[in-house]
Amino acid sequence: MPSRPTVPSSLAPAATRAPLIWTNTLLFSLTFLAAATLVPWYGLTHGFSASAWVLFGVFLAANEMSITAGYHRLWAHRTYEAHWSLRLLFMIFGSMALQNTAWAWCSGHRRHHLHVDDFDRDPYSAQRGFWFSHIGWMVREYPSGQEDFSNIPDLRRDRILAFQHRHYVPLVLVTNFGLPLLAGWLMGDVWGAFLLAGVLRLLLSHHFTFFINSLAHMWGERPYTDENTARDNPVLAVLTFGEGYHNFHHIFAHDYRNGVRWWQWDPTKWLIASLQVVGLTRRLKRTPVFQIQRALLSMQFTRAQRKLASLPAIAPASRVSELRQRVAHEYDTFLAAVAEWAKVKEQWLEEKKRAVIEHWEHASFQQRLKELERSLRLQRRRLRILQAQLA
Ligand SMILES: [Zn+2]
Ligand SMILES: [Zn+2]
C-alpha cells in the first residue's frame, strides 16, 4: 500500500509538484477571464438580447442535467435504464459541458465513491482541501488522478460512449462553438449568444458541478452517516439540479434520487421519473424506506450517545442515569425492529424465489414491512424529543 505523504502534494514546494496539465489550466483560466471581462463589457456597451439569456438558461440546464442525470446517475451509478435517444442527448450535451468523456468521468467517480476521502486513492479527496477537490485535481498530473478504465467494463460496451471517447475533441468544439454561434446567428445576436450561452454558461456549469466535490464535502449536515465527509446542503442542491444532497447520495448511491424527500429540490430525480411516463427511462432504483429510516436512526443514536457522554459533570447523577436508560431502551427497540425487518424480508424473498407466493401473502408481507417502517418513524420522533432533553 502506498505510504501517505507527510505533506499534501498541493502544499509541497513547486519543484516537487506534479506536472501541470496545460490544456486544462488554459481552459479554466481563459473561460474565467473571458466571463469576468468580456461578458460584463459587452453587456454594458451593447446589451444582451432576451433570446441570448433564454439560450443561456437552456444550454446551462441541458449541460447540468446531462452531467447529473446522464454521467452521474445513469452511467456512473446505474440507478436506472435509459432509451438510446436519451443517452444520445446526454452524450451530446455532456460533451458540451466539457468535463471529459463519460468513460473518464465515471471511472474517476466510481473510484471517488470506493475510496472516498482517501488521500491517495480518491481522485478529488476533500481531505486535500477546497482548492484541490474543487479544481486543483484537474490541473496537475497527480498519481490519484491516473486514468484507469478497469472499473467501467459495462460502459466500454456502450457504443454511444465509445463514439464519444473516440471523437471527443470535435464533439467539444462543435457543441461549444458551433451550437451557440449557430443559434446566435438564427436569433440575430451572434456575440451575445456566444458570450452568454457559450462562455458564461461553460464557466457556471463547470463550477456548479465542481462544488459537489468541494463544498458538498465540507458544508452542510450529515443526517445519514458521518463515516465520510459528504454533506446534505439545500443551497448546493439548487445550484446543481439536486446533487447537493450528497450525504444521502454517498450512503445510497444506487438510488436514482439524491433529494429523497418529495419536497427536496432535486430536478434531476423529477426529470428521470417523468421520462418514465413516456418510456424513455425505466427500472428506477429506490432504497427501501426502512433502510433510510435505519440510517437516520443510527445517526441519531450516535449523536445521543455523544451528548450523553459529554453531559456536564454537574448534571444530577439520577437524571443522567434516567436519560441513559431511556436511550438504551430505545436502542434495544431499534435493534429488535431491524432484526424483525431483516427476517420478514428474508421470508418474503424466500417465498418469492420458490414462486409460491400468493397475492394476499405479498400484500401481508408489504403490510408488515410498512408497519416496521412506521415504528422506526415514531421512534425517530421519540428520540428527537429525548435529544432535546439532552441538549
Ligand atoms: Zn462525493
Ligand atoms: Zn456519485
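The values are calculated or read from the model by the stated rules, or taken from the named source; none is laboratory data. Bear in mind the structure is a predicted one, so any value in this text is a computation, not a measurement. Quick reminder, even Gly has a Cβ in these numbers, built from the backbone with ideal geometry, and neighbours come from all protein chains shown. Note: accessible area is taken over every heavy atom of the protein model, side chains too, but ligands, DNA and RNA are not part of it. Shrake-Rupley method; radii C 1.70, N 1.55, O 1.52, S 1.80 Å.
A few comments on the model shown:
Table: residues versus (1) β-branched (Val, Ile, Thr); (2) in contact with a Cys (Cβ under 7 Å, 6 or more places away or on another chain); (3) modelled with pLDDT of 95 or more.
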position: Thr16; (1), (2), (3): yes, no, no
position: Trp22; (1), (2), (3): no, no, no
position: Leu30; (1), (2), (3): no, no, yes
position: Met65; (1), (2), (3): no, no, yes
position: Ala82; (1), (2), (3): no, no, yes
position: Ser85; (1), (2), (3): no, no, yes
position: Ala97; (1), (2), (3): no, no, yes
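- The helices (runs of 4 or more DSSP H) falling completely within the stretch 160-201 that include 2 or more residues that are touching a residue at least 40 places away in the same chain (Cβ under 8 Å) and over 26 Å from the mean Cα position of the chain (by Cα) map to 179-187, 190-193.
- Pick from the stretch 215-224, criterion within 12 Å of ligand 1 (Cβ to nearest atom) and buried (at least 22 other Cβ atoms within 10 Å of the Cβ), ranking: nearest to the chain's Cα centre (by Cα): Ala216
- Single residue of the stretch 241-257 satisfying the filter (among the charged types (D, E, K, R) and away from ligand 1 (no atom under 13 Å from the Cβ)) that is nearest to His115 (Cα to Cα): Asp255
- Residues in the stretch 225-234 that are away from ligand 1 (no atom under 11 Å from the Cβ) and in contact with a Leu (Cβ under 9 Å, 6 or more places away or on another chain): Asn233 only.
- Restricting the search to helices (runs of 4 or more DSSP H) fully inside the stretch 215-322 and requiring at least 2 residues that are more than 16 Å from ligand 2 (Cβ to nearest atom) gives 234-239, 267-277, 289-309.
- In the stretch 267-286, the condition of being within 11 Å of the chain's Cα centre (by Cα), crowded, with 22+ Cβ neighbours inside 10 Å, at pLDDT 95 or above and closer than 27 Å to Ala126 by Cα is met by at least one residue.
- Checking each residue in the stretch 202-214 for being touching a Ser or Thr at 6+ places or on another chain (Cβ under 7 Å), part of a helix (DSSP H, G or I) and within 16 Å of ligand 2 (Cβ to nearest atom) picks out Phe208, Thr209, Phe211, Ile212, Asn213.
- Yes/no for Val238 being under 19 Å from the mean Cα position of the chain (by Cα), more than 16 Å from ligand 1 (Cβ to nearest atom) and assigned by TED's automatic domain parsing to the domain that holds Pro267: yes
- Where a residue in the stretch 52-72 is over 15 Å from Ile92 (Cβ atoms) and its partner, wherever it lies, is part of a helix (DSSP H, G or I) and open to solvent by 10 Å² or more (accessible area, probe 1.4 Å), with Cβ under 6 Å and at least six apart: Leu55/Ala183
- Just one of the listed residues (Ser107, Ser150, Ser144) is within 15 Å of ligand 2 (Cβ to nearest atom), on the phi < 0 side of the Ramachandran plot and part of a helix (DSSP H, G or I), and it is Ser107.
- Evaluating Leu88 against the criteria (1) within 16 Å of ligand 1 (Cβ to nearest atom); (2) surrounded by fewer than 21 Cβ atoms within 10 Å (Cβ to Cβ) leaves one unmet condition, (1).
- Whichever residue in the stretch 91-104 is out of contact with any Gly (no Cβ under 9 Å at 6 or more places or on another chain) and in a helix (DSSP H, G or I) and, among such residues, is farthest from ligand 1 (Cβ to nearest atom): Ile92
- Inside the stretch 110-128, residues that are in contact with a Gly (Cβ under 9 Å, 6 or more places away or on another chain) and either assigned to a loop (DSSP other than H, G, I, E, B) or within 14 Å of ligand 2 (Cβ to nearest atom) (or both) make up a count of 2.
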